Amino acid sequence: MNNDKIIRHEYLEQLKMLQDQKVIKVITGIRRSGKSTLLELFRDYLKAQGVKNKQIQSFNFEEEKNASLLGWRSLHQRIESNLVPTEMNYIFLDEIQKVAKFEEAVDSLFVKENVDIYITGSNAFLLSGELATLLTGRHISIHLLPFSFKEFTQMFPDEQNEDRLFEKYLTSSSFPEAISLSKINEQLSNNYLKNIYDDIVKKDIAERYEIRNENDFERVAKFVFDNIGSQLSARNISNSLKLKNDSIFHGTVINYLQYLAKSYLIYPVSRYDIKGKRLLTTNDKYYVADLGLRNILLGSSPKSDIGHRLENVVFLELLRRNEGEIFVGKNEDQEVDFIVQKPGGERIYYQVAYQVNDRPETLARELAPFQKIRDNYPKILITTDLVPEEFNGVKKVNAVDWLLTRR
């Protein structure tokens, strides 16, 4: 099945809910996660709902045919001259950062009652803070990730064994095109991932932030990628690299961590003191956008570190489900892998362990943090064990079942 055929329902539903709302829709996410494809899917949806072609104007500014529109005045003039006065008009602007002073065109179009605007742009630009400044109070972001496990399974319609597919998901990439290429040849997929990483580092980070020492930057990136799910700080990263004779000033490490996060290569997760009811400002945990990229950067075996890989998959799925803020929980001297804090005040606690069946000491260790929590909010232990169980109100669920079933 071609990845273009995969309907990204969760993101599409967000766009449907925002249709015709007076806000600019901005699609963000790591390079090659499918932002342009999502806009294409939404245009198809609009047409299926009876929106006429003349009501839709779509521009990808990486295409040569749009080279004459890279000034905001010429772009604005083209769009305005083709607006349908008596109908809602849907404007799609892909890779908008290539248009000089694009915000002038967007602002002028936004004030019109019959214009609905959707844009994408490069990662570095969209998270640099500039877009938020240019479109203050007038935009909403939809954050796109590579394929979920449910979407991943749709790429392999002839494989009926979900557990076998999940093993592949844990050890390879979930970028749409990387999956397609892996079906032809694994090396093609690896080359594609290497190009994604190089593009992000060179175009989104090194050039933009004028990094002088790319080797130092890569050492920090490798350290974080190698320590997903571990508590990290700029100082302990700096100290660890110093022990390997690769000393990097901790202030520089702070900057590098910010650049990695702004390009969506990594996601920092803050710690929350459950008993003290306060956010902790040190020793965040970090997770990576794609495990295939991690393989490429570290040159490690995809089979290694399987427990942290599972934890990374669970984090990304919680991010996709967008049910609330995600924290790492601290409760005295113990830790809860994830707390999802919902807007209404409710929360869900999650522990993640690869296997606990036939390992009583592992089960006891994973349940222990739950036992000190005094509230009655849901507590879930996610493992790859096949049989669901319950332990004093803690539900143990199978990872594959949990990933394939939305709450």
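The values are calculated or read from the model by the stated rules, or taken from the named source; none is laboratory data. Please read all numbers here as calculations on a predicted model, not as lab measurements. All Cβ positions, glycine included, derive from the backbone under ideal geometry; neighbour counts span all protein chains shown.
Within segment 23-73, restricting attention to residues that are among the charged types (D, E, K, R) and in contact (Cβ under 8 Å) with a residue 60 or more places away in the chain, which residue is surrounded by the most Cβ atoms within 10 Å (Cβ to Cβ)? Can you show your working first?
Our first condition is that a residue be among the charged types (D, E, K, R); within segment 23-73, this holds for 25, 31-32, 35, 40, 43-44, 47, 52, 54, 62-65, 73.
Then keep just the ones that are in contact (Cβ under 8 Å) with a residue 60 or more places away in the chain; that gives 25, 31-32, 35.
Working: K25: 21, R31: 20, R32: 20, K35: 24.
Applying the filter and picking the extreme gives K35.
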Residues satisfying the stated conditions in segment 245-280, i.e. touching a helix residue (DSSP H, G or I) at 6+ places or on another chain (Cβ under 7 Å), under 24 Å from I339 (Cα atoms) and part of a loop (DSSP other than H, G, I, E, B): Y264, L265
I'd like to check something: does segment 343-362 contain any residue that is among the polar types (S, T, N, Q), touching a Ser or Thr at 6+ places or on another chain (Cβ under 9 Å) and assigned to a loop (DSSP other than H, G, I, E, B)? yes
Can you find, within segment 224-244, the residue that is surrounded by the most Cβ atoms within 10 Å (Cβ to Cβ) among those that are β-branched (V, I, T) and assigned to a helix (DSSP H, G or I)? V224
The lone condition E167 fails out of (1) farther than 25 Å from S36 by Cα; (2) buried (at least 17 other Cβ atoms within 10 Å of the Cβ) is (2)
Residues to consider are L75, L38, L69; find the one that is farther than 18 Å from F102 by Cβ and either aliphatic (A, V, I, L, M) or at pLDDT below 95 (or both). L38
Please note which strands (runs of 3 or more DSSP E) are completely contained in segment 1-96 and include at least 3 residues that are closer than 23 Å to R320 by Cα and of a type outside the set (S, T, Y). 24-29
Note on segment 373-407: residues part of a loop (DSSP other than H, G, I, E, B), of a type in the set (V, I, T) and touching a residue at least 24 places away in the same chain (Cβ under 8 Å) are I373, T384, V387
Number of the exception - I211 against (1) more than 20 Å from F149 (Cβ to Cβ); (2) among the β-branched types (V, I, T); (3) assigned to a helix (DSSP H, G or I): (3)
How many residues are of a type in the set (S, T, Y), closer than 24 Å to S263 by Cα and assigned to a helix (DSSP H, G or I) if we restrict to segment 152-207? 6
If V313 meets every condition in (1) over 30 Å from R8 (Cβ atoms); (2) of a type in the set (V, I, T); (3) part of a helix (DSSP H, G or I) apart from one, which number is that one? (1)
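So that you can scan it fast, the table gives a plain yes or no per residue for (1) surrounded by fewer than 19 Cβ atoms within 10 Å (Cβ to Cβ); (2) among the hydroxyl-bearing types (S, T, Y):
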residue	(1), (2)
K285	no, no
G324	yes, no
K330	no, no
G345	yes, no
T362	yes, yes
Y377	yes, yes
Output the residues belonging to segment 288-307 that are surrounded by fewer than 19 Cβ atoms within 10 Å (Cβ to Cβ) and of a type outside the set (S, T, Y). L298, G299, P302, K303, I306, G307
Could you tell me whether any residue of segment 202-218 is crowded, with 16+ Cβ neighbours inside 10 Å, in contact (Cβ under 8 Å) with a residue 60 or more places away in the chain and hydrophobic (A, V, I, L, M, F, W, C)? yes
